[in-house]
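A.B. asks: Would you mind keeping the following structure in view while I ask a few things?
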Amino acid sequence: MSKFNNSKDWGDPAAVLAGIFSISSVLIFPVLAQSTRESQSVFQPSSVLDSPQRSGGNIADTLARESEFKTLTSALAVAGLTDTLKQEGRPLTIFAPTNQAFRKNAAVYAQLLQPQNKDKLARVLKYHLIASSVTPEDVNKGEIKTVEGGTVKISVAPDGVIINDNVKGVQPSIEASNGVIVRVDNLLLPPDFQP
């Protein structure tokens, strides 16, 4: 006979607590398991190793606060895209080049900053932006459509992601209120892009 069927054990506080814990674990653990599955349904490149950092702000404000994205923040302002990255609602994913990534492409970036090339700069930056959260299904397809209209090829690496075969998503990603920021170590340029 179970000890909970024995009426003498109902006076034992330890037995009562054990019974409550047993019942609550049956009710709570499936809920926790479901919430864990839901949080993993959105592809986080950092989930390979680390949990994403949480910023507490939108993408634009988060980029502006992080010193490693000063060049990107300036480029977004010049291209008129800052407000796009402040919008709440549909989540975004941005492959965010660090200051070092821009330094690797100093000649191209200098060309893009010319006043007559503002549209080209905007096009390059939109090529870094996905108008959704990147899911495992997107990665499995191998290509993801960007806001610019072209596609980027993405694959999982042991320590992050590789975009277009030569740009690495750097750990960890940053979770903003309206999407995810994935640090990248190089600029992404549309295949037919001419500076």
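The values are calculated or read from the model by the stated rules, or taken from the named source; none is laboratory data. Bear in mind the structure is a predicted one, so any value in this text is a computation, not a measurement. Here the Cβ positions follow ideal geometry from the backbone for every residue, glycine too, while neighbour counts run over all protein chains shown. With ligands, DNA and RNA removed, areas are computed over all heavy atoms of the protein, side chains included. Shrake-Rupley method; radii C 1.70, N 1.55, O 1.52, S 1.80 Å.
A.B. asks: Under 9 Å between Cβ atoms, which residue pairs at least 6 apart in sequence (or on different chains) link something in the stretch 148-165 that is more than 19 Å from A122 (Cα to Cα) and touching a residue at least 24 places away in the same chain (Cβ under 8 Å) with a partner that is crowded, with 18+ Cβ neighbours inside 10 Å and among the acidic types (D, E)?
C.D. replies: Every condition considered, no pair remains.
A.B. asks: Scan the stretch 154-175 for residues that are surrounded by fewer than 19 Cβ atoms within 10 Å (Cβ to Cβ) and of a type in the set (G, A, S) and jot them down.
C.D. replies: Hits for the stretch 154-175 are S155, A157.
A.B. asks: Can you name the residue in the stretch 43-66 that is at pLDDT 95 or above and among the small types (G, A, S) and, of all such residues, is surrounded by the fewest Cβ atoms within 10 Å (Cβ to Cβ)?
C.D. replies: It comes out as A64.
A.B. asks: Would you check if there is a residue in the stretch 89-99 being assigned to a helix (DSSP H, G or I), modelled with pLDDT of 50 or more and surrounded by 18 or more Cβ atoms within 10 Å (Cβ to Cβ)?
C.D. replies: Going residue by residue through the stretch 89-99, those that are assigned to a helix (DSSP H, G or I) are 99.
So of that shortlist, the ones also modelled with pLDDT of 50 or more come out as 99.
Now narrow it down to the ones that are surrounded by 18 or more Cβ atoms within 10 Å (Cβ to Cβ): none.
Scanning the stretch 89-99, I find no residue that is assigned to a helix (DSSP H, G or I), modelled with pLDDT of 50 or more and surrounded by 18 or more Cβ atoms within 10 Å (Cβ to Cβ), so the answer is no.
A.B. asks: Among (1) open to solvent by less than 60 Å² (accessible area, probe 1.4 Å); (2) within 22 Å of D192 (Cβ to Cβ), which single condition is Q116 missing?
C.D. replies: The failed condition is (1).
A.B. asks: Shifting gears a bit: So which of I181, I144 ends up being hydrophobic (A, V, I, L, M, F, W, C), within 25 Å of A64 (Cβ to Cβ), part of a strand (DSSP E or B) and touching a helix residue (DSSP H, G or I) at 6+ places or on another chain (Cβ under 8 Å)? Let's see the steps before the verdict.
C.D. replies: Details: I144 fails: within 25 Å of A64 (Cβ to Cβ).
Just a single option satisfies the conditions, and that option is I181.
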